[in-house]
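> Mind having a look at this structure? Questions to follow.
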Amino acid sequence: MTDQITGCPAHEELRKCVYNQLTAKEIDEIKSHVKMCPKCRVSFTTILKEKVGQENQGIGQIPSPPQTTPNAAEKSSVAPIQKTEQQPIHSTQQKVIAPQFKPAYSFLDPPTKAGGIGCLGDYELVRVLGEGGMGIVFEADDKKLGRKVALKVLRPELTDESFRQRFEREGKIASSIQDDNICLVYQVGVHNSVSYMAMEYLKGEDLDEKLKRDGWLPIPLVFKIAKQMALGLAVAHEKKLIHRDIKPANIWLESSGPGGDFKRVKILDFGLAKSTEVESTLTAKGMIVGTPNYMAPEQICGEPLDERADLFSLGCVMYRMLSGKIPFEKENTLAVLHAVVESEIPSLSELDQKLPKEVYGLMTKLLSKDPADRPATARKVVSMIESIENGGFENQSGKVLNSMLFKAPAIQMQKKSKVPVGAIVGAGVILVAAVIGLILLVSKFFDGVKN
């Protein structure tokens, strides 16, 4: 049943589509609608996750053969089953049953290991690392090379040719950039009409998760993250590429493991990257792409872009790290877009007593509305940060850099200071003169009354 007002299929129709309870024509029609309708895509994905969760409950179990009752003619030929005390054999010990494992997703081949999710080409999928409306990222084992990878897969039921082209383009762009601060892509391929991208497996968390948990960050850590972001962007920019979607969720903080110390930044997701030399046919001219709160004004206005658009986004990420607040946060997307173009970024005035003027100056330059007022290159940003780190603040040898802007700074009690004797004597003379003047004024007043 279709909603007569919105034209969207009812929730039950979406469910039947996911569970293949409709005709092939009806399923194709619903999937075509879902591709174009964000609301239905969310519902479709939710139902799909539910289906996968139900299927996951059976992963690794040995299918039971159907139980049949022998007829009278067969009874005489059925041998009695002898009971033994032998311990049951776990499924992982029975190699012959591996092909009977059920894949968690319909587009995957069956897993070859108990508890596995499934296989895709040369990759054995172990678990889900992240999931979105259009794709899924798995932890996987490369069976050929014997290494762990992060395997990004496009949902085949929700993607068309343009999505596949964009996905392949992202993989080619990312694989062309070899840098310590950019996530490495090993391979981009297609298996059974499913597009995938094999990337280096990273431990740690993205910056967005850290900020949600910790609020703002200390200046030394902000500078460490920002400098490595700028170094990664510099390499991309030198290859004539603009990322166009720099935001906390696309900045990975690599560590040795859960709770480990942060050691390196990795820039993720070049899905919206654009060459400054080649015109892309995948994005319509004038189309706004990116994340509104972190987009440069010229990006919103559909104007020609260069690397300085990414530097504005870098400034927005730094603002978030320093203040703990999302830049240009408004009630809706339209208001955010207007604020980015027309309004100044919310003031850090409440932090000014903690922010040295050099840090504030760097932020002001990065967040300039006019690209001409921003640093010319990402490497210039790196040199500005290093200059502040090495030179200290107002010749204080970096004292502020190493101590300020923690989430809950302790309030320092003011020390009592000695007041100079001269100041006390001077204040006493002024007070005595004021009292004498007041007495004279009162006497004069009463004399006037008597007369």
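> Could you tell me how many of the residues in region 337-358 are closer than 15 Å to F312 by Cα and either loosely packed, with under 15 Cβ neighbours inside 10 Å or modelled with pLDDT of 85 or more (or both)?
Taking region 337-358 and keeping what is closer than 15 Å to F312 by Cα, we get 337, 339-346.
Then drop every residue that is not either loosely packed, with under 15 Cβ neighbours inside 10 Å or modelled with pLDDT of 85 or more (or both), which leaves 337, 339-344.
Of the residues in that region, 7 qualify.
> Return the residues of region 245-299 that are out of contact with any strand residue (DSSP E or B) (no Cβ under 8 Å at 6 or more places or on another chain), modelled with pLDDT under 75 and of a type in the set (S, T, Y); say none if nothing qualifies.
Hit for region 245-299 is T281, nothing else.
The values are calculated or read from the model by the stated rules, or taken from the named source; none is laboratory data. Since the structure is predicted, the reported quantities are computational estimates derived from the model, not experimental observations. Using ideal geometry, Cβ is built from the backbone for each residue, glycine included, and neighbour counts are taken over all protein chains shown.
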